[in-house]
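The values are calculated or read from the model by the stated rules, or taken from the named source; none is laboratory data. Just so it is clear, the model here is predicted, and its values are computed rather than measured. We place every Cβ from the backbone using ideal geometry, glycine too, and count neighbours over all the protein chains shown. Side chains included, ligands, DNA and RNA excluded: accessible areas come from the protein's heavy atoms. Shrake-Rupley method; radii C 1.70, N 1.55, O 1.52, S 1.80 Å.
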Amino acid sequence: IFAWRDYVHPDVLPVALERRRQSFDNGEPIEMTLPLRGANGEYRPFLALVVPVRDATGRVEQWFGTCTDISAMEGTLKRLHVAEERLRLATEAGNIGTWEWDIAANTIIWSDRVYALHGVDPARFTITVDSLATLIHPDDFAMLWQKVQQALAENGGYSAEFRAILPDGSMRWLSCWARTESN
């Protein structure tokens, strides 16, 4: 029998044992991240997954488990979080919003900053091409839509300046830059 307890970091062992007990009691799988000691004595993060193997009647016959070293993934996730924070700070400092339009699914995703630039509440405003048209001055929407259509036809990009109509009726000039991407 594999003495897995010997490899779990002592600070985490009580939690791991309790999770194991609960899982064995209720027959539910276990998924948890915990530090395990390697051959060199150092602890690294592992994703542990333990699932019950049941017989035809549903009774647990045995348990099957895996442990996957996720130390490289954790480093990647940390770098990703740092990059996301830098992007957030840059867009905040520049008062820049980002957006994406999945044409095939006909879904538009706005960052919080785009909602703020248009003065609309994300909880109360559903973004569609039609609803977007209500936020852009009618004299500017046709020009903007033409640029969008041309970019789509040429698989290119566009930039445009237009007047946004805010909910209180006032206007704000916005600048937009976009490019198409194929999946």
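Looking only at region 116-137, count every residue that is farther than 23 Å from E92 by Cβ and open to solvent by 70 Å² or more (accessible area, probe 1.4 Å) and tell me the total.
Matching residues across region 116-137 total 3.
Looking only at region 174-183, which residues are of a type outside the set (A, V, I, L, M, F, W, C) and either under 20 Å from L117 (Cα atoms) or exposed (fewer than 12 other Cβ atoms within 10 Å of the Cβ) (or both)? Spell out the reasoning first.
Let us first name the residues in region 174-183 that are of a type outside the set (A, V, I, L, M, F, W, C), namely 175, 179-183.
Result: S175, R179, E181, S182, N183.
Quick check on my filter: what residues within region 149-173 are more than 18 Å from V114 (Cα to Cα) and not in a strand (DSSP E or B)?
Matches in region 149-173: Q149, Q150, A151, L152, A153, E154, N155, G156.
Can you say whether D6 is part of a loop (DSSP other than H, G, I, E, B) and open to solvent by 60 Å² or more (accessible area, probe 1.4 Å), as far as the supplied structure shows? It would help to see each step written out before you state the result.
Numbers: part of a loop (DSSP other than H, G, I, E, B): no; open to solvent by 60 Å² or more (accessible area, probe 1.4 Å): yes.
Here the answer is no, as D6 does not meet what is asked.
Of everything in region 83-97, what is open to solvent by less than 70 Å² (accessible area, probe 1.4 Å) and over 18 Å from T134 (Cβ atoms)? Give them in sequence order.
Pass one, region 83-97, residues open to solvent by less than 70 Å² (accessible area, probe 1.4 Å): 83, 90-91, 94, 97.
Once the filter is applied, which keeps residues that are open to solvent by less than 70 Å² (accessible area, probe 1.4 Å) and over 18 Å from T134 (Cβ atoms), region 83-97 yields A83, A90, T91, G94.
If you check R44 against the conditions, is it in contact (Cβ under 8 Å) with a residue 24 or more places away in the chain, surrounded by 14 or more Cβ atoms within 10 Å (Cβ to Cβ) and either in a helix (DSSP H, G or I) or in contact with a helix residue (DSSP H, G or I) (Cβ under 7 Å, 6 or more places away or on another chain) (or both)?
Values: in contact (Cβ under 8 Å) with a residue 24 or more places away in the chain: yes; surrounded by 14 or more Cβ atoms within 10 Å (Cβ to Cβ): yes; either in a helix (DSSP H, G or I) or in contact with a helix residue (DSSP H, G or I) (Cβ under 7 Å, 6 or more places away or on another chain) (or both): yes.
When the stated conditions are applied, R44 passes them.
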